[in-house]
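Here the structure is laid out as structure tokens; the discussion comes afterwards.
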Amino acid sequence: MDDCTRLHPICSSNIPKSQPTRIIDVGLEATVQNLCLTALKDDRAQYVALSHCWGDTSTILTTTKDTIEQRRRNIPFRELPRTFQDAVQITRALGLRYLWIDSLCIIQDDKDDWQFESGKMADIYLGSCLTIAATASYDSTGGFFFNRWTSQPGGIKSNVETFEYHRTFHGADVTIYTRQGLDSGHQRISGYASTSTNTAPLLQRAWAYQERILAPRMLHVHMEEMFWECKSCTICECGYLSWEGKHLDRNKWSPIRDTLNLKGRIALAVDEATPVEDVHTMWLDIVEEYSILEITKESDRLPALSGLAKFLSQKVQSIYLAGLWESNLAIGLLWHRCSILYSSCFRDKLSNVPSWSWASIVRTHQSVDEKNQLNHITYDEVRGGIIQDPRLKVMNAACKVTGTSPFGEVSGGTVCIEGALIIAKYTCSLHLARPQVLYGTEASEVHIDIWEPGEPAEVLNGEMVFCLLFGMSGYNFAGHALILKAVGVNVYRRVGYLNLDSKLRWFDNVIPFVVNII
Ligand SMILES: [Zn+2]
Ligand SMILES: [Zn+2]
């Protein structure tokens with residue numbers, strides 16, 4: 001941490017001015033037993049933030065309207081769950097006095113306070129001098145200090161055992177201490193959204209995603225080892241990762257996928273010299289990763305990404321529409337579900353997220369297993385950009401947000417587009433590998449947005465659907481279109497995505513038509 005603050009200028013840049021309203025004063029002495037909620041008096045005061053899984057929300061220690069006064073007077077150390085206690089110890093050991101924990105620093109049953117503070121969440125993590133992540137803990141009882149894990153023959157994980165031997169060596173009694181080798185956890189750094197089901201629960205949580213990206217410095221405590229991640233370097237305890245600032249050289253930086261340090265990419269993204277197209281491409285990666293993650297309340301899907309969207313909006317300078325940027329709509333709308341055939345997902349009937357937003361899709365199985373990974377949102381076909389069809393024109397796009405933040409929850413939205421539109425027949429049956437649309441005598445496979453066994457499909461076998469052409473890929477001339485279903489006079493809902501291979505001629509001589517997609 002000392003190296004980072006002294007030697008990495010980029011890690012100390014872009015610190016927001018707003019600070020958390022409340023913070024926990026942990027005292028500086030290890031023996032202080034009474035903590036309290038307080039306000040930061042000095043706007044340069046440094047604080048540590050905690051990133052953690054809540055687990056069972058009914059048992060986690062929180063601040064409410066009833067307990068706020070009491071918490072201001074005293075929070076007894078012994079009453080804190082283990083993760084919080086360990087976080088207090090780490091804060092003190094770093095010589096710092098203030099700690100931010102969401103469940104205690106936000107009044108949980110005060111809707112206004114929650115909305116106001118959660119709107120500042122991005123700034124709170126951005127402004128922390130260190131965020132400590134209880135990566136291996138499912139809830140607030142897991143803590144940071146635990147027995148490490150190692151792998152046993154057969155791939156079984158167990159706690160590291162220690163051994164003690166007493167020997168006589170040249171007439172002197174000696175004690176030899178040994179332990180099993182530590183396992184490594186650094187492989188999980190490569191994807192931001194981890195897919196390790198039981199080893200790193202925090203990495204699967206949607207809320208923790210932007211915390212991880214926005215915090216300038218993070219200490220991840222995995223079951224096997226710790227790793228440090230800042231905007232300039234990623235280092236793990238075992239020494240395998242000791243990667244320093246490779247991508248921070250502007251000339252070498254590119255918004256490719258799987259770049260190790262997304263923190264560094266985000267830091268550079270808002271840099272003046274970065275082309276905004278690179279940020280748009282990065283956003284597609286972010287959506288892909290984020291769509292895999294678990295969330296308790298699906299209505300939080302957009303709010304839990306709002307801090308990151310707000311942060312990038314300073315660069316993108318465009319209206320944010322339910323997880324898409326207005327200035328990149330022609331690509332942003334072309335997501336599809338990367339599914340193994342007929343894996344289950346649906347649109348929440350209670351949610352009013354427009355059908356054209358990726359955030360309208362809910363995966364049925366919330367756990368991130370291998371099968372489900374294939375059921376995420378992808379921009380694979382259009383990441384490299386498209387040659388827009390000359391008839392395509394985004395006329396207008398708007399969303400209604402439910403709260404005060406333009407990046408938060410939405411209740412409806414319309415995209416009005418003019419483009420080449422054809423009517424085709426949707427067919428799906430068990431003998432087909434994939435659903436198709438038929439146009440004349442030709443068929444093309446489609447990616448249907450939802451598939452939920454036992455529930456009525458959005459589009460039925462034999463139904464007529466509309467295909468709206470967006471453009472083609474420059475490298476293989478494959479066409480990209482959305483499949484729409486009419487739900488009113490000139491009003492449509494998105495039901496799928498169509499990759500047209502070589503059948504672009506379907507749209508030859510088609511006169512453009514204006515559609516409103518909701
Ligand atoms: Zn650094
Ligand atoms: Zn390692």
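The values are calculated or read from the model by the stated rules, or taken from the named source; none is laboratory data. In this text the structure is predicted, and so the values were computed from the model without any measurement. As a convention, Cβ positions derive from the backbone with ideal geometry for all residues, glycine included, and neighbour counts pool all protein chains shown. These area figures cover heavy atoms from the full protein model, side chains too; ligands, DNA and RNA do not enter into them. Shrake-Rupley method; radii C 1.70, N 1.55, O 1.52, S 1.80 Å.
Being over 20 Å from LEU262 (Cβ atoms) and modelled with pLDDT of 90 or more is a description that does not apply to SER313. Out of curiosity, is SER190 away from ligand 1 (no atom under 16 Å from the Cβ) and modelled with pLDDT of 75 or more? Taking the combined requirement at face value, the residue does not satisfy it.
For the stretch 148-163, the set of residues classified as open to solvent by less than 60 Å² (accessible area, probe 1.4 Å) and in a strand (DSSP E or B) consists of TRP149, THR150, SER151, SER158, listed by residue number. Scanning the stretch 449-468 for residues that are modelled with pLDDT of 90 or more, among the hydrophobic types (A, V, I, L, M, F, W, C) and either in contact with a strand residue (DSSP E or B) (Cβ under 6 Å, 6 or more places away or on another chain) or closer than 15 Å to SER355 by Cα (or both) yields VAL459, MET464, VAL465, PHE466, CYS467, LEU468. Scanning the stretch 22-39 for residues that are outside any strand (DSSP E or B) and either closer than 19 Å to ILE90 by Cα or free of Cβ contacts under 8 Å to residues at least 24 places away in the same chain (or both) yields a total of 9.
In the stretch 338-354, the condition of being closer than 21 Å to HIS480 by Cα and either small (Gly, Ala, Ser) or within 19 Å of the chain's Cα centre (by Cα) (or both) is met by at least one residue. Scanning the stretch 106-126 for residues that are under 30 Å from GLU224 (Cβ atoms), modelled with pLDDT of 90 or more and not β-branched (Val, Ile, Thr) gives TYR125, LEU126.
For HIS431, the conditions (1) in a strand (DSSP E or B); (2) open to solvent by 20 Å² or more (accessible area, probe 1.4 Å) are fulfilled apart from (1).
The residue of the stretch 34-56 that is nearest to GLN19 (Cα to Cα), among those that are at pLDDT below 85 and open to solvent by 90 Å² or more (accessible area, probe 1.4 Å), is ASP43. Of the numbered criteria (1) at pLDDT 90 or above; (2) open to solvent by 80 Å² or more (accessible area, probe 1.4 Å); (3) within 20 Å of PRO216 (Cα to Cα), the one GLU79 fails is (3). Can you confirm whether PHE145 is over 20 Å from TRP207 (Cβ atoms) and in a loop (DSSP other than H, G, I, E, B)? So PHE145 passes the test.
If only residues of the stretch 401-448 that are more than 21 Å from TYR492 (Cβ to Cβ) and small (Gly, Ala, Ser) are counted, the one that is modelled with the lowest pLDDT is ALA433. In this structure, ARG92 does not qualify as in a helix (DSSP H, G or I) and either more than 19 Å from MET218 (Cα to Cα) or not assigned by TED's automatic domain parsing to the domain that holds ALA215 (or both).
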